[in-house]
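Following: one structure in structure tokens, then a few remarks.
The values are calculated or read from the model by the stated rules, or taken from the named source; none is laboratory data. Bear in mind that the values here come from a model prediction, so they are computed numbers and not experimental data. Cβ atoms come from the backbone with ideal geometry, glycine included; neighbour counts cover every protein chain shown.
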């Protein structure tokens, strides 16, 4: 297909690059920094997992990339989102629209509410072809059926006129995926795509995403709080906390030897069968109130590696070698701790 | 679908009987003698009163009267008024005028109410939104008959823009102001409802999806948002036909319009129930059918609603 084209692009420019992104919410209680200097990039055929709990700014980051943030109350205070070198934040709304859904597309957590209840699924997929490609109703419907087959919906031709509520959760998410990949986007952002699904279905959806990525060579940004989901499919991970990237690493490195106390805490809080009966570990404390960010390191109040330095010095994302980064003063200590 | 329709129509039968009976009873409970003032300055001769009582069965028990009325009605005979005019003729003359008036009112409601509501829902807390809010508050707090009398005085008597009293032909142009008077309350309620519905659905996930699909704003709003917001709006319009008909009685009385409302208004004043009951029955029938149509429209608007 278009693979050759894509790979022959200027290799020095990343496909999608987020640089020092700052997003604020102006509320009555004050200014809330939801995203505070986030940087990452994703290339063709690459899967970046953005990890973090609710309120860490991962969804806001995704919505900023897509340009579907509600503004106001959100304000983009700084930074850039570059698609093939072009800063999307500087584009006009029509220019932005030409990229949204066609070059960069997105799927959401709850497919039932994300699909329009009053239109058939086929209509909703076909809308992409009719509006963006000017296809006839009939041609677009044919393409919709093909897409439904591509995401493995059984009896696609028969079900094309059914409505979202007539499908199971997993099938609905497949329809969302079909809609998102309709126009062969180069980047797909999946915002917690499996959170609302059964565990067995979760695995099927992840497999499907991996399969589609294999076929098309698109870059995938997978936003999740579920470490288990990430392990198999992601290449790299960016761990977010309180609006910042705490750690960036290859998935294997991050799992084997986390370089940030937060990543470490997340990994330790996964229940393990070989420790059945023991107490479940959880990171003490709660995520910070972003209106009243603690001084120094935002994770400090919950951290067992903290020192006086953490109270005053906000750690930058240290380059710790091997393409990894950690926003912790004591990353070496954390790394060593893992090896013990 | 067919079975649903049949069931709904069968349900309408007891409703129709029940309401007509209530109307019948209420009208006959009005104080005063319908024949007392019919002979100018003098009291009517007993012979006349007795003859009238006999012809209109006023000396029989209420239930028997009602039975006769229903039996005749089912044969298409609505009887004569106390002035010996066939009721069917009166209704046939008046109905087109009221239909025109109702269409004017409906058009006003839908165009002004829905458009104002949708726009203020899309631009919440804007100047326009506040303007709509204050206007609806004002519209809701003025009773129909006050507004009718006021506009008649202001536009008709003071400024001379309209004729204070509508002519026998009741042309479309003449019915604009009375139509607005009838529609005012509902327009305000519709605007409020549309605003809330739109504002709420604007935050819905499927709207976000439509934006994420790269759909232009007119499609996001005109197709994805509006279709989902139509159900409460259509429901209100259907339910409101009742208000419309009540409004027609008062407003036709004020502007001297010879429609069904005016007919009822005149004959209630004369204690002549021969017209009041059939017209009220017609109103009930229209109301039942309109709401059936609304229920059927639901099914078209929202595939999750199915009739079995």
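Scanning region A:154-170 for residues that are part of a loop (DSSP other than H, G, I, E, B) and on the phi < 0 side of the Ramachandran plot yields a total of 7.
Mind checking which residues of region A:276-334 are loosely packed, with under 13 Cβ neighbours inside 10 Å, in a helix (DSSP H, G or I) and in contact with a strand residue (DSSP E or B) (Cβ under 9 Å, 6 or more places away or on another chain)? Selection gives A:291, A:292. Applying the criterion of at least 1 residues that are crowded, with 21+ Cβ neighbours inside 10 Å and more than 13 Å from every other protein chain (Cβ to nearest Cβ) to the helices (runs of 4 or more DSSP H) found wholly in region A:44-153 leaves A:58-66, A:137-150. Scan region B:66-98 for residues that are more than 11 Å from residue B:274 (Cβ to Cβ) and either in contact (Cβ under 8 Å) with a residue 24 or more places away in the chain or touching a strand residue (DSSP E or B) at 6+ places or on another chain (Cβ under 8 Å) (or both) and report the count. Going through region B:66-98 one residue at a time, the tally reaches 9. The residues in region A:174-207 that are at pLDDT below 90, assigned to a helix (DSSP H, G or I) and crowded, with 19+ Cβ neighbours inside 10 Å can be counted, and the count is 3.
The listed residues are B:94, B:170, and the only one of them that is in contact with a helix residue (DSSP H, G or I) (Cβ under 9 Å, 6 or more places away or on another chain), on the phi > 0 side of the Ramachandran plot and modelled with pLDDT under 90 turns out to be B:170. Answer yes or no: is there a residue in region B:138-150 that is under 30 Å from residue A:102 (Cβ atoms), out of contact with any strand residue (DSSP E or B) (no Cβ under 7 Å at 6 or more places or on another chain), in contact (Cβ under 8 Å) with a residue 60 or more places away in the chain and surrounded by fewer than 20 Cβ atoms within 10 Å (Cβ to Cβ). No, every residue in region B:138-150 fails to be under 30 Å from residue A:102 (Cβ atoms), out of contact with any strand residue (DSSP E or B) (no Cβ under 7 Å at 6 or more places or on another chain), in contact (Cβ under 8 Å) with a residue 60 or more places away in the chain and surrounded by fewer than 20 Cβ atoms within 10 Å (Cβ to Cβ). Counted as qualifying within region B:178-283 are the helices (runs of 4 or more DSSP H) with 2 or more residues that are modelled with pLDDT of 85 or more and within 14 Å of chain A (Cβ to nearest Cβ), namely B:205-212, B:226-255.
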